[in-house]
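The structure under discussion appears below in the form of structure tokens.
Rule-based calculations on the coordinates, nothing more; no lab input. This structure is a prediction, so every number in the text was calculated from the model and none was measured. In this analysis, Cβ positions are derived from the backbone assuming ideal geometry, glycine residues included, and neighbour counts consider all displayed protein chains.
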Protein chains: 2
Amino acid sequence: MTFKTPIRDMRFILDHAAGFGALEKSGAFPELSGDLVDAILEEMGKFCDGVIAPLNEESDRNGAKLENGVVRTTPGFKEAYKQYVEGGWSSLAFPEEAGGQGLPATLAVALVDALNGACMSFAIGTTLTTGAVKAILHAATEEQRRLYLEKMVTGEWTGTMNLTEPSAGSDLSAIRTKAEPVGDGTYRISGQKIFITYGDHDMTENIVHLVLARLPDAPEGTGGISMFLAPKFHVNEDGSLGARNDAHCIKLEEKMGLHGSPTCVMAFGDKGECIGTLLGEENKGLRNMFVMMNAARLDVGVQGVGVAERAYQRALAYAQDRKQGRAPGVKSGDMVAIYEHPDVRRMLYSMKTLTDASRAICYANAVAYDLAHSAPDEKTRKEAKAMEELLTPISKAWSTDRANDVASLGVQVHGGMGYIEETGAAQHLRDARIAAIYEGTNGIQAMDLVGRKLQGDGGAAAKKLIADIHSEAMMLKAAKRDDLVHIGERLLGAADALLQSTEWLLEATKKDQTHVLAGATPYLKQFGNAVGGYYLAHGAKAAAIAAHEGQDPAYYESKIALTKFYADNYLTEAVALTDAVTAGAEAIARIDPEVMNG
Amino acid sequence: MTFKTPIRDMRFILDHAAGFGALEKSGAFPELSGDLVDAILEEMGKFCDGVIAPLNEESDRNGAKLENGVVRTTPGFKEAYKQYVEGGWSSLAFPEEAGGQGLPATLAVALVDALNGACMSFAIGTTLTTGAVKAILHAATEEQRRLYLEKMVTGEWTGTMNLTEPSAGSDLSAIRTKAEPVGDGTYRISGQKIFITYGDHDMTENIVHLVLARLPDAPEGTGGISMFLAPKFHVNEDGSLGARNDAHCIKLEEKMGLHGSPTCVMAFGDKGECIGTLLGEENKGLRNMFVMMNAARLDVGVQGVGVAERAYQRALAYAQDRKQGRAPGVKSGDMVAIYEHPDVRRMLYSMKTLTDASRAICYANAVAYDLAHSAPDEKTRKEAKAMEELLTPISKAWSTDRANDVASLGVQVHGGMGYIEETGAAQHLRDARIAAIYEGTNGIQAMDLVGRKLQGDGGAAAKKLIADIHSEAMMLKAAKRDDLVHIGERLLGAADALLQSTEWLLEATKKDQTHVLAGATPYLKQFGNAVGGYYLAHGAKAAAIAAHEGQDPAYYESKIALTKFYADNYLTEAVALTDAVTAGAEAIARIDPEVMNG
């Protein structure tokens, strides 16, 4: 099956749902123009559809392999990666002073969307490098920048994040990897890391590992973790490659999906000779990690968007092609395409609206990121920063949960064929499943939302966003079209329910944190449903104007109809979630696990 | 990981949720007693835990293989199957006059539950034979019964259902397989069937294929389909095996999961020599098929229950074992088991209550089946029949959708380890995925519910059940315990919402069938949520009495707490679904698929 980067929908969501226009207005990107965005999206589409997408099925069947200590990627990956670098895709949104193109991160997020739609296994490798570059930009010494930055910005070298150890997954305080000063400013690193994405591969000459480890005198807990930079090959003063470092992939995990992405067990210093340098301050490694991780969290949310898009396109194509049964009310005659069956359309409309809602959330998050980092005035930066932080866990968790829903519906649309690997629908479900887990499980995201994000500012950012949703709802309710009024009513219901949950959580914070933790997951779902509907509603309003003006009414009317579908199915669901949020700690009161054993 | 058949919970649900006591009371099973049920469940548990469960992981890694035209099952399957036959498990609920043990089908359903928990790939083979036996009991000639029935009742031979063809999946009217009279009372069958579960295997000496095909002069459509019996090996008059029939597995599908279950492409009559006999009347094959299929639909629902149970047990064990982080509010000290984290308990409680709710629905469905077939008085039989028919699509679709939710949560509880195949959690998700598809996709089930089931009796059976839910809710609201009152309130909300949807659908029927089809899937979900809560609430009431009497309060209190959890999460969800049901045909109004292409 072919994949087509949904350029028109991406542009629609950028402009009419996610507020991309604010970037032009802000003056932060003087060279940005509508034409430039069009040109970039078009080139992006050509590259992703033509070069990356054809690798997707092969990446599943002929995934990464560890052979004689070397990781071999799927045939075609290396050549495609070369084109990715040559096309300048890696450097799109990095600062010009670092060798980048200085474009908005939002466009890089659109690229991540398209790349993941084309081939999630390929795309994830590029995302990791982006995170590593951000950490280096944030914390590196002049020397480290000189040796590593440019090659990573261009993508000539890739980066990795080495956090997890067998006993330190979500709880990084348990990290045991050691780093001992050699005496010459370098450190000898020793320890094993697991789940290292693209920890080794054959696509580039060098790989730059960012490794969390403890100095000999480091305090216990997360306050004793430092970050180190340990390249696969040492880099000489002149930038040429030196000796092989003692950092090796010793095992590849056999995963449910994402076979094209090598998930490595990495051994650092098995021979006592892994040498690295400190990145940032001693014992302040988590700070860098969060720089890297926050960017990565948004990117993982966007992975969800991309894989959902691919699953949707495949299901839509199948539904147009596969003939079974007759249209409702028709008793005889030829079989019709299953797209004509209401229940099949229901699945496809669900897939489409959930994909677009998560796309809108992630793009809005990216716009907030850009404004937070680049807007000329401080007030805008500050407000945008609060929005960026609030949206990040929602982008990550809601989009990836929904990607799982969408990919599963994609299998269902195919009927029995969906369960056969040859069809390809199952791959998307198997691939999508990891996104709800890595870069902080979705449960961790929910705790981040009700914890640091909600309580950090006493609910200010959340309440501001809810007030915006409320205003949008009131505006829609005053519209002249019945469908917009209906959407407005549903949105109002969701906004009110979300406000109720939010206030309950803020109140509960004062009493018992367990109340808050118990409500975290349904709250994040409610927030995502509501805010996704908000952005779609914003788009529906713009679509109504465009349709009224006679611009491609079939297209714009479909945006309104799909938003209404979303409103009746997911904004209504949001309303009910207040009950689950406010059930409180009692709802998950501890039951003896022995009793739970039946 | 070991599996433990949840005997106590099964018994609890039989007795206190699903109304198993009605079978004893009915007088239909004079030998039935509590002690007998205990003894059967205990033996069942020993067999499933000790013999079948250890095969599960091997069935995934070393699935069925087609070698030189012969299907080889997972090592160990053949021996385990022998024990299944020798233990008399196959014949449990078949009538005594057919060589069975004459026990309630409800106990066979409990067996299906346990077998699927132990190993879904193994269990599905036995289910197919049950369906084939039912079709033979319903329609076979004396001669067919004499030659085939006993061996199939004992399980010495297995049965298959051959319905699907490449162009005839959900739409059986498109079946093209032919059967031509030979002149001696037999028929020459020719055609290809796909997705034939256990179409060939090495566990038994013979396999009895039931095949849908068309006679030469058959009318078009489903009114021209007949059923034929075509064994793998012909059977001589004395019961001994004769020549090999021309019915062969020519390909095994490579599936997302359920690797241990051979999914065959079957070629009938490739050499023009597949000989079979007519089973039932000419052109009335669909009638037999529905006998077979209705039983199979309940069994597939129960598959969902079983695989959900297995996923739950694995996740619970992991959550007790895996240590990460500290308990809420605790800043230092040793890491605790992740079971201590509220969000992890939320996942486990979701898994447990969804599994038990679907178990209760399926068991209640089985009780209705037994009463419908065996109750001495006609009124009971008739009422039970209506209930059985109403519950069947819900058992099938809701239980399997929820099994997917549960299996996915099971992966999530494991964090990163859940995505690694070695852990085993991913297998359950891959296995569970098919259950929502086969034996009529869940969309087909939803259409059956709003079509034949709801409209068939003008909503009488549905309204009666809703009235029962309403009464139960009112009773709970009058209870002396706050938690029961709370459950009662939530149940009332769900009952009212379900009634509203039901009346809307019945009204919509009069106008436009598209309205009804558009609301089918959310209606089935709403119905399942509500009726699952009803049965759990019934159990909670009994648990309150038991706890009050001082019987194992930890166990019985947990039943109440989990029902309350279900009420706050899933009965509330049911309330919101009315909006999705009643959005009507407009919600899924056709959008040009080209526009949907973005």
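Can you give the Rg/Rh ratio of the range A:119-192, where Rg is from the C-alpha atoms and Rh is the Kirkwood radius?
So for the range A:119-192, dividing Rg by the Kirkwood Rh gives 1.02.
In Å, the Kirkwood hydrodynamic radius of the range B:7-152 over pairs of distinct alpha carbons?
It works out to 16.6 Å.
Mind checking the full-extension length gain between B:ARG287 and B:LYS382? Use 0.36 nm per residue of separation minus the Cα-Cα distance, one decimal, nm.
Taking 0.36 nm per residue and subtracting the Cα distance, the gain is 32.3 nm.
In debye, nearest 20, what is the charge dipole magnitude of chain A about its Cα centre with +1 on Lys and Arg Cβ and -1 on Asp and Glu Cβ, if you could check?
About 960 debye.
Run lengths n ≥ 4 of DSSP H only: what is the helix-derived mean residue ellipticity at 222 nm for chain B, with -39500 (n - 2.57) per run over all residues, to the nearest 500?
-17500 deg cm²/dmol
Using the 2.2 N^0.38 Å rule of thumb for compact globular proteins, work out how the range A:443-591 stacks up: its C-alpha Rg over that value, please.
1.15
The range B:91-188: which trypsin sites (Lys or Arg not before Pro) are DSSP loop and have at most 13 other beta-carbon atoms within 10 angstrom?
When the trypsin sites (Lys or Arg not before Pro) of the range B:91-188 are filtered for loop state and at most 13 Cβ neighbours within 10 Å, B:ARG176 remain.
Please compute the modelled spin-label separation between B:VAL182 and A:GLU86, points set 7 Å along Cα→Cβ, answer in nm with one decimal.
6.6
Mind checking the range B:471-542 for trypsin sites (Lys or Arg not before Pro) that DSSP puts in a loop (not H, G, I, E or B) and that have at most 11 other Cβ atoms within 10 Å?
Within the range B:471-542, the qualifying trypsin sites (Lys or Arg not before Pro) (loop, at most 11 other Cβ atoms within 10 Å) are B:LYS480, B:LYS510, B:LYS511.
State, to one decimal in nm and shortest first, how far the label point of B:GLU586 sits from each corresponding label point in the other identical copies (label point: 7 angstrom along Cα-to-Cβ).
4.1
What's the percent breakdown of Cα-Cα distances in chain A across 10 Å bins, shortest bin first?
Percent of pairs per bin, in order: 3, 17, 27, 27, 17, 7, 2, 0, 0.
Work out the charge dipole of the range B:158-283 with +1 on the Cβ of Lys and Arg and -1 on the Cβ of Asp and Glu about the Cα centre, then indicate which of B:GLN192, B:GLY239, B:VAL208 is farthest towards its positive end.
Positive-end residue among those listed: B:GLN192.
Taking C-beta distances below 4.7 angstrom as the pairing criterion, name the unpartnered cysteines of the protein assembly as shown, in sequence order.
Isolated Cys, the protein assembly as shown: A:CYS48, A:CYS119, A:CYS274, A:CYS362, B:CYS48, B:CYS119, B:CYS274, B:CYS362.
Given a Förster distance of 35 Å, report the FRET efficiency between A:ILE250 and A:ARG146 from their Cβ-Cβ distance, rounded to the nearest 0.05.
Taking R0 as 35 Å, the efficiency between A:ILE250 and A:ARG146 is 0.65.
Which distances in nm, rounded to one decimal and ordered from shortest, link the label point of A:GLU282 to the equivalent label points in the other identical copies, with labels set 7 Å from Cα toward Cβ?
Result for A:GLU282, in nm, nearest copy first: 9.5.
Taking a threshold of 22 Å on the Cα-Cα distance, which of the pairs A:LYS352/A:LYS463; B:LYS46/B:LYS323; B:LYS151/B:LYS255; A:LYS193/A:LYS271; A:LYS477/A:LYS525 fall above it?
From A:LYS352/A:LYS463; B:LYS46/B:LYS323; B:LYS151/B:LYS255; A:LYS193/A:LYS271; A:LYS477/A:LYS525, over 22 Å: A:LYS352/A:LYS463; B:LYS46/B:LYS323; B:LYS151/B:LYS255; A:LYS477/A:LYS525.
Can you tell me the length gained on complete extension of the stretch B:ASP512 to B:ASP334, counting 0.36 nm per residue apart and subtracting the Cα distance?
Difference between extended and current length: 57.8 nm.
Can you work out which chain B residue has the shortest Cβ-to-axis distance for the rotation that carries B onto A, and give it in Å?
Its Cβ sits closest to the axis: B:ALA576, 2.
Please name which of B:ILE175, B:LEU137, B:LEU115 has its Cα lying farthest along the dipole of the range B:114-184 towards the positive end, using unit charges on Cβ (Lys, Arg +1; Asp, Glu -1) and the Cα centre as origin.
B:LEU115
Considering the protein assembly as shown, what Rg and Dmax in Å follow from its alpha-carbon atoms?
That works out to 30.2, 97 Å for Rg and Dmax.
Å³ per residue of the Cα convex hull, for the range A:158-285?
So the per-residue Cα hull volume is 105 Å³.
Given R₀ = 51 Å, what would the calculated FRET efficiency be for B:GLU273 paired with A:GLU42, taking r from the Cβ atoms and rounding to 0.05?
The pair B:GLU273/A:GLU42 has a calculated efficiency of 0.25.
As a footprinting exposure proxy, order B:SER33, B:SER558 by other Cβ within 10 Å, with the fewest listed first.
Going from least to most buried by this count: B:SER33, B:SER558.
Distance in nm between label sites at A:ASP217 and A:ASP482, each 7 Å beyond Cα in the beta-carbon direction?
7.7
Considering the dipole of the protein assembly as shown built from charges on the beta carbon (Lys and Arg +1, Asp and Glu -1) around the Cα centre, which of A:HIS373, A:GLN83, B:LEU454 is farthest to its positive end?
Looking along the dipole axis, the top candidate is B:LEU454.
If I take every Cα pair under 8 Å that is 6 or more residues apart in the range B:442-598, average their sequence separation and divide by the length, what percent do I get for the relative contact order?
29
Going 7 Å from Cα along the Cα-Cβ axis for the label, what nanometre distances separate B:MET475 from the same residue across the other copies?
5.4
Hand me the GluC sites (Glu not before Pro) from the range B:1-72 located in a DSSP loop with no more than 13 other Cβ atoms within 10 Å, in residue order please.
Sparse-neighbourhood loop GluC sites (Glu not before Pro): B:GLU31.
Can you tell me, using C-alpha contacts under 8 Å and at least 6 residues apart, the relative contact order of chain A as a whole percent?
About 13 percent, as a whole number.
Taking the number of other C-beta atoms within 10 Å as the exposure measure, put B:SER332, A:SER226 in order starting with the fewest.
So the ranking, lowest neighbour count to highest, is B:SER332, A:SER226.
Suppose each label sits 7 Å from its Cα in the direction of the beta carbon; what would the A:ASN68-B:GLU503 distance come out to in nanometres?
So the two model labels end up 7.7 nm from each other.
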